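What follows is a set of notes on a single structure, which appears directly below.
The values are calculated or read from the model by the stated rules, or taken from the named source; none is laboratory data. Quick caveat: nothing in here was measured; it's all calculated off a predicted structure. Cβ placement follows ideal geometry from the backbone for every residue including glycine, while neighbour counts extend to all protein chains displayed.
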Amino acid sequence: MVLFNFVFALAMAENKTGRYRKVEIDESLFVSIGEDDIEAFETLYHLTERTMYAYILSIVKNHDDTLDILQDTYLKIRSAAHLYKPMGKPLAWMFTIARNLSLSKLRLENRMADMENLDMENSLQFSYVTDPEDRIVLMAALKVLAEDERKIILLHAVSGMKHREIAENVGIPLSTALSKYHRGLKKLRKYLQDKGGVR
Amino acid sequence: MKNKEINKRLANALGEAPIDLLEEIKSQPVRKMEEHDYITRQEPIKPRNIYWKPFFSAAAALGIFMLAFLGWFNQFRAVDSVVYLDINPSIEISTNKRDDVIQIKGLNKDGQELVDSIQYKGKDVNSVTLELLDALLEKGTIDERHHTMLLSVLNENQEKSRKQMAQLNEGIHNYFKGHQVKPIVLRQSIASTSSLEEFAEEYNISLGKMTFIKNLMILNPEFKVEELVDLSIHELIALSQKTGLDLKRILDIDDDDLRELKESYWDDEEDDDDDDDDDEDDD
């Protein structure tokens, strides 16, 4: 019998376009990281970097801050991996760390209110996105969506996580995740349509 | 623009984000934390507070009140916690929100024989546990050599789960005060998944023991589930000690219990050695 990885692994299925890598987070990775196994850490990093980036960006809405928090999140994981107790939701723990660090940073800089009014479209921080339409959609998501809507939509888009998985890991009921996802997409569509620049 | 295209464009945009932090993170010195802080602590995932919009009509409010009332009524009578006690007999105790026992089941043959003699109606989980200990002592299942038990609590509310475990742990230790038997109570808060439940059912063991086995396999990937499911808790502990596993990573254990466990394990080892010596003498 296969060592039942599936019990403590999160599988993110590949989507139809084949864009997403199949990702599995085995909780035993944390045990190895706790024992300073650098290969295990690299594996975890490669599996989760993009998903964690999307999650943090949905909270802080700023690329540079996202990178700072992402780095702090992985450093925290290295510091605390030996304390991790397997509970079946490894990604939820990573999200908890990232969220606590994000909120701490936002509180520290007292920028919550300012960020809500930030005119993202004038910012050059997403100049790394080569396709202008891709950039407009990302900036629209950061500008018009509420935090939870943004989180659900970005996680679904970037990692192909199912709504049930997002709900479990973010800590909201499935029905809420689904309604926020659809409401958010509707808002985005309307915004982009009103803007007229994007078909 | 359609939903599919929005998703695709977001995936494209985020896929291009220059991240490249790995080498920087690897190069930084890391100081291991002695315990979780508020950033890393593993809390149960709580549903967010619901924001009720102020313009709800009186009728809707009444409807919500009725639903809440019905929800409360159902929860009051429904299973709130499930406590698993594993020694070799495996026992499952279901309780309601007031910690009253509403069902008790033996999950293996020994467990079934044991629970037949227990009157649980109208009693709380602490009293029923003490009655089980009476029966276990009477049957000789617990004695000076076999006194290790695994206590697992399944409750979505982690705080409640911890509280219930602490109360039961204290009750068990108080019960044995002045007794020759020094109990070793290994504790774990567990979560249920369909895969774990299927495995537990397939091997006729409790969800608590299945969780413990799963976690042992995380600590030592060379373990095979088929080799572990037939072992008693005492044997699983002996195996984990023999292979040098740090049980505190997967279980809550009082320091006194851990000391007792280590001494007890070494006593067993010495007895085994004595037996080997005897065999050699016989030869």
So, A:LYS162, is that one exposed (fewer than 13 other Cβ atoms within 10 Å of the Cβ), more than 8 Å from every other protein chain (Cβ to nearest Cβ) and either within 20 Å of B:ASN12 (Cα to Cα) or modelled with pLDDT of 85 or more (or both) or not?
no
Go through the residues of region A:69-86 one by one and say whether even a single one is within 13 Å of the chain's Cα centre (by Cα) and more than 15 Å from B:ARG41 (Cα to Cα).
yes
Breaking point among (1) more than 22 Å from B:LYS160 (Cα to Cα); (2) in a helix (DSSP H, G or I), for B:THR141
(2)
Taking region B:2-34, which residues are under 14 Å from A:ALA141 (Cα atoms), out of contact with any Ser or Thr (no Cβ under 8 Å at 6 or more places or on another chain) and surrounded by 16 or more Cβ atoms within 10 Å (Cβ to Cβ)?
B:ILE6, B:ASN7, B:ARG9, B:LEU10, B:ALA11, B:ASN12, B:ALA13, B:LEU14
Which of (1) surrounded by fewer than 19 Cβ atoms within 10 Å (Cβ to Cβ); (2) closer than 30 Å to A:HIS82 by Cα; (3) at pLDDT 80 or above does B:ILE39 not meet, given it meets every other one?
(1)
Any chance A:PHE30 is more than 22 Å from A:HIS156 (Cα to Cα) and more than 7 Å from chain B (Cβ to nearest Cβ):
yes
If a residue must be more than 15 Å from B:MET1 (Cβ to Cβ) and within 11 Å of another protein chain (Cβ to nearest Cβ), how many such residues does region A:183-198 contain?
0
I want to confirm something. Restricting to region B:206-234 and keeping residues that are more than 18 Å from the chain's Cα centre (by Cα) and part of a helix (DSSP H, G or I), which single residue is farthest from the other protein chains (Cβ to nearest Cβ)?
B:GLU227
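Residues checked against (1) at the interface with another protein chain (Cβ under 7 Å from one of its Cβ atoms); (2) more than 29 Å from A:GLY34 (Cα to Cα):
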residue: B:MET1; (1), (2): yes, yes
residue: B:LYS4; (1), (2): no, yes
residue: B:ASN12; (1), (2): yes, yes
residue: B:ASP37; (1), (2): no, no
